[in-house]
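Here is the structure we will look at.
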Amino acid sequence: MLAWTIYISFLGAAALVFLPRENARLIRWVSLVIALAGLLCGVAAICQYQTNGSSGVVEILNIPWIKDLGISFYLAADGISLTLVLLTGIAAVCGVLFSWNIEHRVKEFFAFYFALIGGVYGVFLSFDLFLLFVFYEIAIVPKYFLIAIWGSKRREYGAMKLAIYSFVGSAMVLIGIIAAYIVSGSSSFNLLELASYPFSETFQAWAFPLVFIGFAILAGLWPFHTWAPMGHSAAPTAASMLLAGVVMKLGAYGALRVAMTLFPLGLERWHNEIALLAVIGIVYGATVALIQRDFKFVIGYSSVSHMGFVLLGLMTLTQIGLSGAVLQMFSHGIIAGLLFGVVGRMVYERAHTRDLDELQPMNLSKALPFAAVTFVIASAASMGLPGFSGFVAELQVLIGAWQTFPGLTIIAAAGIVIGAAFMLRALIKAFFAENEPGKTQPAGGLHFEAISIPERVGAVVLLTTTVAIGLWPKLLLDLINPALNSPLMQPLWKGAAL
Amino acid sequence: MWTSWTHSKADMSFNPQYLFLIPLLPLVAAGVSALIGRHQRKLAATLAIGSMALAFLISCAAFAASLNAPAQGEVFRQVFNFNWFQLGEGSLRLGFILDPLTAVMLVMVTFVGLLIFIYSAGYMAHDENFKQFFCFLSLFAAAMLGLLISNSLLLLFICWELVGLASYLLIGFWFQKPSAAAAAKKAFITTRIGDIGLFLGMLWLYGKTGTLLFYDGGNGCLESSALTQLVAQTAFAGMALSTVIALLIFCGAVGKSGQVPLHVWLPDAMEGPTPVSALIHAATMVAAGVFLMARVYPLVTAQAGDLSLPTTAAQVITFVGAITAVFAALIAVGQNDLKRILAYSTVSQLGFMMIGLGVGGVAVAMFHLITHAFFKALLFLGAGSVIHGCHEEQDIRKMGGLRKFMPVTFATYAIGMLALCGVPFFAGFWSKDEILHAAHAWPGSHIPFYLAIIGAFLTAFYMTRQVCYVFFGMHRGDKHHAPHESPRTMTVPLTILAVFAVILGFLGTPAWPWFSGWLTGHPVEFNFGKLLAGGALGMMVLSALIACGGIGLGWWVYAKAAAKPSIELDPLEKLSPVVFGWLRGRLFIDELYAATVIRLTTLLAVTSDWLDRVLWGGMVQLVGGCTNLFSRLNLTIDNTVVNGGFDQGCEGLRESAGWLSRLRNGQLQNYLRTIGAALFVLLLFLIWGRQ
């Protein structure tokens, strides 16, 4: 069932190519169906997983691929992958809804879009490292084109920056994976087998940071984060939603799944340093966001700050911290998707500017009340207010962090306050500022095209998700927590005990 | 996983499991009014008022249940706990509690809330966002009532943040005014700074005790086993862990209850509509900080050694309260905005509550909290009535003589003012007297007592100044628009509150201290003799003298000034322009913060932004540039070494590939080259490593 999420996306991408170019309406509806089908597969698989009472890694498919090197097409899932598959499904559907108005090369757009989605599903479900890497690369390439063709201001620079960072990161990952493969003398790239091999401490001491940072570049680890705000703001709305919502999670997921499970001793050796970088990222991202003029840069930097919580949670080496980190991946995916949806689609495509100083005299709360209300709720969620998923996730991360690094926790908590400050600043400037007497707007206020139904549906889906998880986090924690207790994760807790 | 545990006998009439109905009712009202159309004003108001009335009735039932003490010396307490979610081996649990502390707050908040809701229906009648206003008010009520019934620091914190959100929305309700939007932001962020402390205290408490439930059949974090454990550990500087955690939690209270140095948001919060100021920024939310400290009081007082001396936590609370009480009262003397004076007065009175908490315990502080809630709500609603009657004028220098135009407002306002000043037989007299009494007997230090006396004197002085300017003397406002009395929906709540501002005090006189007896679980008997016994009488006389002295001095200074047709200079300004300038400038605390904290943050932001643009960005440019150079070099080699015809064929292919080729600016090949080079290095490394 789960494997179909990957097939549907790739087959969908291929099928879109054969649709008539002129019929944009058909292409959109087909895309929506593809995204929904992927989401439904994911949801059905989760229900099945829950009803079967499974807890650890469940194999989906294992077909030998390149026998000589021990590479196989090995798909499996545990609660962590399932959580992220669910996130990908929701983000994919909402991304299509928020791209409903795309007219330029709509066929190619959605083809690339689903190639990216397929790659993402693939990464979350691969338990063969080589396969995982292949999917990881597949996800990076369409992203480049999505930005470079359909992007906005400085799109080529943004796309180039993103590509350089991603590729440097992947090169580091690849070196690490191959080194592990060779050193272990194993005849397989199977994650479960490699994880059981006791790598020497000296090997782990350099392999871990190599692979971890390689992945974490994509998760916005400070100081390798500058691709994120740039790339997010250059990308078209759906791509920034996927970039912040899902692609950044690829990095965090890879860091957890590959670097941390393979090299628990290296993790033990380096976790203090990386936690420090994570906390710097939290505060740094928030402070830079405080003075940005470009609305999308504000959200882009807020992603750096929020992903800092994910990385901090991973470094706590406590179950509660890790569980918080995974929940934060989900939560940030939803909330960032929503914020980019409002800023990129609802505001930018109507007002044709993202400059907060230019938005200020437009008094958008009058012109676009739906966007304003959505953004108010989304910023409350982004600030980590209770009732939204971000609160539960950050609470868990910080409870875990308090046990491991009390000093850093204090700084991270301060980052939350700055987080509130920059969201409120952007909120007031963009939506609720008063006209200055000199700069009156045209009589009767500005008239924008009304917020369309697909936009409303997308916003409501994302809002409902974050509130549902915020009020009843058990929904996801019942998936995540058993996964943390599975045999695959045991070395992590052993490493922490040393 | 649902567990219920009752402390007392099974014949109780109120099951704490149903406490959640109290916040749920306003929450439903908020939800429904969020969804209905903006023109259904009547429905929104009816929903809000109706849900609040129902919540009030349930609260009364809960209150009645809490009256039967289980046994002599024991406090009535019922809890209901449940799992929120499981975390590895541990779990995060939430719960509801019913004890006298919760019960009295529930009744107060629902009752004052109900009156203010009714008043708002009149006050906001002409506002275009009427429906939204009641939606936000109901949201606030739900969060506030949830805070009161929490038996878990986590649930309390959740509601604590939500009342902050509601407060933000309501302060910024007239967001068209830039000052309102700025005030809302300031309130939210300033209180959140305090919340960092509360949050960290919560993390620490959870880390050490593994639970955030207050009471849990012996396993709660406020019960003896957890307290013993916390007292036994030293955090730093010789302070017990319990003290440090209590102080961290106190940071949250400092933010929410506007104590120095985080008091700056509360006066600005007066930008909100007046009913909001009355409900949130006078009677209920700002008092939540005092309530929080009363809730975690066992943590504040827990200590191992010498029990006769107060703990460090109690001392800090007392001194912060005492400094706030005087500081805010001083600033209030120099203000000219009707609501701002009341706001500083609230800050000052909250300081009194903190003193009461530190020196006298929960009962003393809570008694002042309850009486203050009534008379301060009364004063704010009275101020709203004045502002309404004077056509949105807030400057007291432009009022005057209003007692003739607005007799009901004047009479009720005067009662509130006398109660606040602590004139004998008004509610504020009894509750303030208890604080002074406890402060006098405090073994820690005598300084808070003296500060409290100065604060009480200043309170009487600035309130007299205000009343003189507003109600006495000549009318100095617009001659063509005579002030008018407010409609019934506004004066009836005023009258009801005025009655309570008098009679509530009789629940806690020295002769019959029923209130403190009930809160601490000691039944009391009426004993008139205690009223005259030793220290009690002396303190009452002193307290009465201070109040009358302040009023007398105020009258002497301001009665004449108010009689003039216009006020150019305040009489005190003539006396000393410099000192008065400082008071009017609010001792320039806001400017101090702007010059330090805010400037520092901005500097940090600009630096980080520069780093991102120049340093990290520059590095990428450099890498990109180098790769480009490298690929050009390769291209040259290719051109010279590789067969030209093949090259041309490739060129043709590239041209025909259309738009794709334009985008493929060499990155992908370079990437493969990088990987190739990396593999080569790795191979070398491995070979070299094996040898």
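The values are calculated or read from the model by the stated rules, or taken from the named source; none is laboratory data. These numbers were taken from a predicted model, which means no experiment stands behind them. All Cβ positions, glycine included, derive from the backbone under ideal geometry; neighbour counts span all protein chains shown.
Tabulated values for the structure
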quantity: Residue list for segment B:438-493, filter: among the small types (G, A, S) and either in contact with a Phe, Trp or Tyr (Cβ under 7 Å, 6 or more places away or on another chain) or at pLDDT 80 or above (or both); calculated: B:A438, B:A439, B:A441, B:G444, B:S445, B:A452, B:G455, B:A456, B:A460, B:G473, B:A482, B:S486
quantity: Single match in B:P523, B:P510 (criterion: touching a residue at least 12 places away in the same chain (Cβ under 8 Å), crowded, with 18+ Cβ neighbours inside 10 Å and not aromatic (F, W, Y)); calculated: B:P510
quantity: Sole residue being at pLDDT 90 or above and outside any helix (DSSP H, G or I), chosen from B:F199, B:F96, B:F111, B:F134; calculated: B:F96
quantity: Criterion violated by A:K366 - all others in (1) surrounded by fewer than 20 Cβ atoms within 10 Å (Cβ to Cβ); (2) closer than 30 Å to A:V326 by Cβ satisfied; calculated: (2)
quantity: Any hit, segment B:621-632, residues being at the interface with another protein chain (Cβ under 8 Å from one of its Cβ atoms), modelled with pLDDT of 75 or more and out of contact with any strand residue (DSSP E or B) (no Cβ under 9 Å at 6 or more places or on another chain); calculated: no
quantity: Flag if B:H437 is farther than 16 Å from B:G351 by Cβ and in contact with a His (Cβ under 7 Å, 6 or more places away or on another chain); calculated: no
quantity: Residue among A:I90, A:I117, A:I138, A:I164 that alone is at the interface with another protein chain (Cβ under 10 Å from one of its Cβ atoms) and in a helix (DSSP H, G or I); calculated: A:I164
quantity: Cβ pairs under 7 Å, 6+ apart, first in segment B:128-154 and under 25 Å from B:G95 (Cα atoms), second among the polar types (S, T, N, Q) and not in a helix (DSSP H, G or I); calculated: B:M144/B:T284; B:N151/B:N81
quantity: Selection within segment B:46-59 - surrounded by fewer than 24 Cβ atoms within 10 Å (Cβ to Cβ) and either at pLDDT below 90 or among the hydroxyl-bearing types (S, T, Y) (or both); calculated: B:T46
quantity: A:L408 within 14 Å of chain B (Cβ to nearest Cβ) and either in contact with a Pro (Cβ under 9 Å, 6 or more places away or on another chain) or surrounded by 20 or more Cβ atoms within 10 Å (Cβ to Cβ) (or both); calculated: yes
quantity: For B:V75: the one exception among (1) within 26 Å of the chain's Cα centre (by Cα); (2) outside any helix (DSSP H, G or I); calculated: (1)
quantity: So A:V417, is it under 23 Å from B:L169 (Cα atoms), at the interface with chain B (Cβ under 10 Å from one of its Cβ atoms) and either free of Cβ contacts under 8 Å to residues at least 12 places away in the same chain or of a type in the set (K, R) (or both); calculated: yes
quantity: Every pair of residues 6+ apart whose Cβ atoms lie under 7 Å, when the first sits in segment B:192-220 and is within 9 Å of chain A (Cβ to nearest Cβ) and more than 12 Å from B:L156 (Cβ to Cβ) while the second is among the basic types (K, R) and not in a helix (DSSP H, G or I); calculated: none
quantity: Test result for A:S188, under 21 Å from A:F135 (Cα atoms) and among the polar types (S, T, N, Q); calculated: yes
quantity: Unmet requirement for B:G207, which otherwise passes all of (1) surrounded by fewer than 21 Cβ atoms within 10 Å (Cβ to Cβ); (2) in contact with an Asp or Glu (Cβ under 9 Å, 6 or more places away or on another chain); (3) assigned to a helix (DSSP H, G or I); calculated: (2)
quantity: Tally of residues being of a type in the set (S, T, Y) and within 11 Å of another protein chain (Cβ to nearest Cβ) across segment A:376-405; calculated: 2
quantity: Test: residue in segment B:455-467 that is more than 26 Å from B:V362 (Cβ to Cβ) and touching an Asp or Glu at 6+ places or on another chain (Cβ under 9 Å); calculated: yes
quantity: Positions within segment A:11-29 being surrounded by fewer than 18 Cβ atoms within 10 Å (Cβ to Cβ), part of a helix (DSSP H, G or I), out of contact with any Pro (no Cβ under 8 Å at 6 or more places or on another chain) and not small (G, A, S), in sequence order; calculated: A:L11, A:V17, A:R25, A:W29
quantity: Elements of type helices (runs of 4 or more DSSP H) contained in segment B:329-439, each with 2 or more residues being within 24 Å of the chain's Cα centre (by Cα) and over 28 Å from B:I118 (Cβ atoms); calculated: B:338-360, B:362-389
